[in-house]
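Notes follow the structure.
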Amino acid sequence: MVELAINEDRELSSQEIKELQSEVRRLAEEKNAVILAHYYQRGEVQDVADFVGDSLDLSRKAANTDADIIVFCGVRFMCETAKILSPQKKVLHPNPESGCPMADMISAEQVRKLREKHPDAEFVAYINTTADVKAEIDICVTSANAPKIIKKLEAKKIVFLPDQALGQWVAKQVPDKEFVIWKGFCPPHFEFTAKEVLKLKERYPEAKVAVHPECHPKVIEIADFVGSTSQIINYATTCETDKVIVITEVGLKHTLMKKNPDKEYIFPESMNYCGTVYCCTMKGITLPKLYETLKNEINEVTLPEDIIKRARRPIERMLELS
Ligand code: 13P
Ligand code: SF4
């Protein structure tokens, strides 16, 4: 039996990681729990999950699972989405403090005020929003399906929130619609500059550049490929060059190396946070926290019933259209 304090900060030895992972797997079988993890999670957390994916794939999994318990290794809005889609299930979040700073950049009250200003618009929200905000909007999108879905909408005017980078990227691809874009942003992605990308390109002139649409528009401009985490995985592991510069959260390197270890994936070393594009809240989920959460069935995600009801429609609409 593994004995570890939940707030332990020290690095675990590989033996401890192995023991904890096998305990987590044993508990998951015993409790009929499914462990979902986003690509930005720590490698040892991704390796113990039943499924690792981008926001869209993870929403689909959460909607269709037979498990009694969903343990969601990601940030709060992802756990809320799982609860909204599977309200009868117990959804556990290994670190309730792990939110998404971008999701917190707009409130339900601000959306209601925007509605008064733009009554003729269709309100589209990135899935990186709180449940309260989802309850106010018409349809959700993820970075994997935003252009495709918005092209299908009838409205000529779109209010897009909260990510300005994703909003501008989509607006360029849908020139026949008018966009009103909220000024939210993802700190780790948005603060990474085009100058730093150009420096990497100079060092690795033969490499292709793949970036996430949460990056600054100037970074997007110089990229060879722009897409969600799973779209970047497809591109980077199959494109014709052996070296790929990847501008997204460094957790993705783990999957890239597993899928195609023959290529070199160059992640930036910059002034951003801990030296890379690094999401501190994604990394707030640790293996000991996952273990304690599942073992004791703590950190349950709860939402008011009316929010679940109202927030469900925009997510389901997205799943239908994507
Ligand atoms: P995707 O995995 O959907 O590309 O999302 C990235 C992200 O920022 C999740 O918070
Ligand atoms: Fe939020 Fe950015 Fe972290 Fe994703 S990477 S959870 S958008 S802060």
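For Asn64 and Glu154, the difference between the fully extended length at 0.36 nm per residue and the C-alpha to C-alpha distance is 29.5 nm.
With contacts taken as Cα pairs under 8 Å and at least 6 residues apart, the stretch 199-322 reaches a relative contact order of 17 percent.
GNM remark for the chain: springs join alpha carbons under 10 Å apart, and the peak mean-square fluctuation among Leu290, Leu166, Leu303 falls on Leu303. Each Cα pair under 8 Å and six or more residues apart adds its sequence gap; the mean of these over the residue count of the chain is a relative contact order of 22 percent. Which residues does the label zone of Lys172 cover in the stretch 233-268, counting backbone N under 16 Å from a point 7 Å along Cα→Cβ? Label zone hits: 247. Taking the stretch 218-305 as the region of interest, the number of lysine pairs whose Cα atoms are within less than 19 Å, with members eight or more places apart or on different chains, is 6.
What does the charge add up to near Phe179, with Lys and Arg as +1, Asp and Glu as -1, over the other residues with Cβ less than 13 Å from its Cβ? Net charge in that neighbourhood comes out at +2.
How large is the helix-only mean residue ellipticity at 222 nm for the chain, computed as the sum of -39500 (n - 2.57) over DSSP H runs with n ≥ 4, divided by its residue count, in deg cm²/dmol to the nearest 500? Don't skip to the answer; put the middle values down first.
On the way: 15 runs with 137 residues, N = 322.
After summing the helix terms and dividing by the residues of the chain, the value is -12000 deg cm²/dmol.
Cross-link partners of Lys113 among lysines, defined as those whose alpha carbon lies under 30 angstrom from its own and excluding same-chain residues fewer than eight positions apart: Lys83, Lys134, Lys148, Lys151, Lys152, Lys156, Lys157, Lys172, Lys177, Lys183, Lys309. 3J(HN,Hα) along the stretch 42-54, derived from phi through the Karplus expression 6.51 cos²θ - 1.76 cosθ + 1.60 where θ = phi - 60°, amounts to 4, x, 5, 7, 4, 5, 9, 7, 6, 8, 10, x, 8 Hz, with x in place of Gly and Pro.
Of all aspartates and glutamates in the structure, the ones whose alpha carbon falls short of 20 Å from that of Lys31, not counting any fewer than 8 places away in one chain, are Glu3, Glu19, Glu23, Asp47, Asp50, Asp66, Asp68, Glu292, Glu297, Glu300. Counting Lys and Arg as +1 and Asp and Glu as -1 over every other residue whose Cβ lies under 10 Å from the Cβ of Cys140, the net charge comes to +1.
By how many nm would the segment from Glu191 to Asn296 lengthen if fully extended, with 0.36 nm per residue of separation less the alpha-carbon distance?
Working: separation 105, 0.36 × 105 = 37.80 nm, distance 3.83 nm.
Contour length minus Cα-Cα distance gives 34.0 nm.
Taking a ≥ b ≥ c as the square roots of the Cα gyration tensor eigenvalues, with a/c under 1.5 meaning rounded and otherwise prolate when a/b beats b/c, else oblate, which class fits the chain? Since a/c reaches 1.5 but b/c is at least a/b, the shape of the chain is classed as oblate. Modelled spin-label separation between Lys199 and Gln110, with each label point placed 7 Å from Cα along the Cα-to-Cβ direction: 3.1 nm.
No value in this document is a laboratory result; all are computed from the given coordinates. Being a predicted model, the structure only gives us computed values, none of them experimental. Glycine also receives a Cβ, built like all others from the backbone with ideal geometry; neighbour counts cover every protein chain displayed.
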